[in-house]
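These notes concern the structure reproduced below.
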Amino acid sequence: MEKEVFIFGHKNPDTDSICSSLVRERLDKKNGWDCTVAKRLGKINKETEYVLNYLKISAPEMLDEIEEGQEVCLVDHNEFNQSAEGIEKAKILSVTDHHRISNFETAEPLYYTAKPYGCTCTILFEEYKAYGHEISREEAILMASAIISDTLLLKSPTTTEHDKKALEELGKIAEININEYGLEMLKAGTDLGDFSEAELVNLDAKNLDKDGKKFVIAQVNTVSIEDVLKRQKDLESAINSEIEKKGLQLFVLAITDILNSNSEIIALGDRTDAVEKAFDVKLEDNKAFLKGVVSRKKQLLPNIDKNM
């Protein structure tokens, strides 16, 4: 029996990370490569749960760590500190990603596809088209859901014409009203009541490293920033625990209003000055309002990173 090749996205997986893993597996099978299996590196969030329940399909199995020599395909990430435990021991066969390339190297050549699109699934959509494969309704909904999630229904500044074109075509194949489905999906992801503060600050957190300076940018989506800020004191306790545990210089939690396209950030650590410089704001009570800021990839990360 041919050895399994694991496909997975980043830790604390979002909808694009999970859907890209599932779509990549389906594309590989259409190309006659039956050994790939979608996996995940963390708990499914409520937005992704909405998608899987809508399609009546199961989430990929959890993957705790990588054994030496395990063949893997990465989607929606490349940085080792965002990947599986033991990733440095794996044989990476391919990467399909839409983020910056950082802290990444391999011992052998590989297939690497990186495009500055709003979503990994947009890249996979174009691969389906390039291979001439028909896209099923299930595959269309998986890809459409990921694009809706990563671009906030095409409102995020990360959105490209490629994303718009893909989503329009996928909506027709899926036979759904993209705006109605998308809004319900995004709203499902804003139900934060069941999460502890420790879970909230790790729900969608990216671990980053700038010249040995470690920092985290986490993000939660909501329809009411005020409701989330009612938990500020406890959220700060959870953030300080992460700072101490991971030896961080900075932890930023972005609370993003998906309806009005703004964010309130909570920033703690020794390098909060990087946040103030990045957005020309003064933190008051450890927080600041960032008008029009919704994208970690295009707005939060690059501005904070260059000031670290």
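Take the residues of region 210-225 that are within 18 Å of E47 (Cβ to Cβ) and in a loop (DSSP other than H, G, I, E, B): which is nearest to the chain's Cα centre (by Cα)?
Ranking the qualifying residues of region 210-225, first place goes to V223.
Please work out which residue is surrounded by the fewest Cβ atoms within 10 Å (Cβ to Cβ), limiting yourself to region 108-149 and to residues that are over 25 Å from E88 (Cα atoms) and of a type in the set (F, W, Y).
Among those residues, the one meeting the criterion is Y131.
Given the conditions (1) of a type in the set (A, V, I, L, M, F, W, C); (2) in a loop (DSSP other than H, G, I, E, B); (3) crowded, with 23+ Cβ neighbours inside 10 Å, and given that I44 satisfies all but one, which numbered condition is not satisfied?
Checking I44 against (1) of a type in the set (A, V, I, L, M, F, W, C); (2) in a loop (DSSP other than H, G, I, E, B); (3) crowded, with 23+ Cβ neighbours inside 10 Å, the one that fails is (3).
For region 227-262, name all the residues that are within 16 Å of K291 (Cβ to Cβ) and either assigned to a strand (DSSP E or B) or among the charged types (D, E, K, R) (or both).
Correct list: A254, I255, T256, D257, N262.
Search region 150-204 for residues being within 30 Å of F251 (Cβ to Cβ) and of a type in the set (K, R), and hand back the single one that is surrounded by the most Cβ atoms within 10 Å (Cβ to Cβ).
Applying the filter and picking the extreme gives K187.
Would it be correct to say that D28 is within 22 Å of I148 (Cα to Cα) and either modelled with pLDDT of 95 or more or not assigned by TED's automatic domain parsing to the domain that holds R137 (or both)?
Considered against the rule, which asks whether it is within 22 Å of I148 (Cα to Cα) and either modelled with pLDDT of 95 or more or not assigned by TED's automatic domain parsing to the domain that holds R137 (or both), D28 comes out as no.
Going by what's in this entry, would N207 be described as in contact (Cβ under 8 Å) with a residue 60 or more places away in the chain and either in a helix (DSSP H, G or I) or not assigned by TED's automatic domain parsing to the domain that holds I44 (or both)?
yes
The values are calculated or read from the model by the stated rules, or taken from the named source; none is laboratory data. Just so it is clear, the model here is predicted, and its values are computed rather than measured. Backbone-built Cβ (ideal geometry, glycine too); neighbour counts: all protein chains shown.
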